[in-house]
């Protein structure tokens with residue numbers, strides 16, 4: 001017994017010394033999001049350059065004072081293209097995450113509230129969709145709808161609703177046995193009224209959290225589709241398009257053309273995930289003291 005306690009002592013001391021406040025994760029994530037948001041909103045207004053302006057005389061130039069991120073093979077400013085690409089990617093991620101959350105919430109609430117064969121049928125649908133890789137399913141959807149911004153948003157929305165459906169179903173099942181739900185039923189409320197007035201408001205925080213955490217996945221999905229040539233048109237500023245175009249320049253030493261959009265993509269998705277992780281810890285305080293070694 002003493003030996004067991006001694007083996008657990010180092011982990012216990014580390015857990016006691018670990019910061020329990022989520023601020024150490026929230027502050028850097030919020031700062032990065034603020035900087036990226038300011039860049040998206042301010043840079044196009046301050047910098048007197050066109051992100052689509054072609055200047056072959058300034059092509060393939062490394063980072064400098066005039067072009068902090070360098071220029072691409074057509075002489076376009078990489079920094080401005082990263083800003084516009086981030087605006088497109090985040091817009092696609094937010095819209096697609098909202099679509100997936102609405103779809104997942106509707107199906108999860110229906111499965112949890114009705115139960116029975118409806119619950120079993122919807123959960124088998126979730127298992128069937130989950131068995132297919134998201135990217136592969138997204139490629140099929142975009143190929144059917146033809147590559148475009150709308151097709152990308154639809155493909156992401158139809159492939160990322162599974163987690164929302166599972167979360168809402170589990171929360172609805174746990175709330176169905178609460179006393180206030182029984183009181184509402186005894187008071188004469190219909191099943192639809194109980195679902196809309198009592199169940200859905202109580203699962204709203206979890207749904208918002210799932211939506212926030214779905215944004216990085218949606219951004220990466222859009223980047224992958226654009227990289228494969230199934231997303232935005234080649235001339236449009238997209239992180240996936242920029243990385244795809246930069247492949248040819250890597251052989252000639254143009255490392256900045258792929259490094260800049262890659263770092264912007266990683267910073268944006270990690271910042272959103274960090275804010276979502278802090279929010280998740282707020283909803284479940286027990287996670288603050290959990291350490292994985």
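Values quoted throughout were computed directly from the atomic coordinates according to the rules given, and no laboratory measurement underlies them. This is a predicted model, so every value here is computed, not measured. Note that each Cβ is placed from the backbone with ideal geometry, even for glycine, and that neighbours are counted across all protein chains shown.
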What full-extension length gain, to one decimal in nm, is calculated for residue 197 and residue 35 as 0.36 nm per residue of separation minus the Cα-Cα distance? 54.4 nm
Spatial extent of the stretch 39-151: Rg and Dmax, with the Cα atoms as the point set, Å: 21.8, 69
Listing 148, 163, 101 by rising number of other beta-carbon atoms within 10 angstrom, fewest first, gives 148, 163, 101
Assertion target for 69, 180, 227, ordered by fewest C-beta neighbours within 10 angstrom first, is 180, 227, 69
Determine Rg/Rh for the stretch 220-283; Rg is computed over alpha-carbon atoms and Rh is the Kirkwood hydrodynamic estimate from the same atoms. 1.13
Over every pair of different alpha-carbon atoms in the stretch 120-219, take the mean of 1/r and invert it; report that Kirkwood radius in Å. 15.6
Theoretical gain in end-to-end length, residue 123 to residue 263 [0.36 nm per residue, Cα-Cα removed]: 46.6 nm
For 79, 257, what ranking results if the residue with the fewest other Cβ atoms within 10 Å of its Cβ goes first? 79, 257
Could you work out how far apart the two model spin labels at residue 55 and residue 176 are, taking each label as a point 7 Å from the Cα in the direction of the beta carbon, and quote it in nm? 6.5
With the crude spin-label approximation of a point 7 Å out along Cα→Cβ, what separation in nm comes out for residue 65 versus residue 270? 3.0
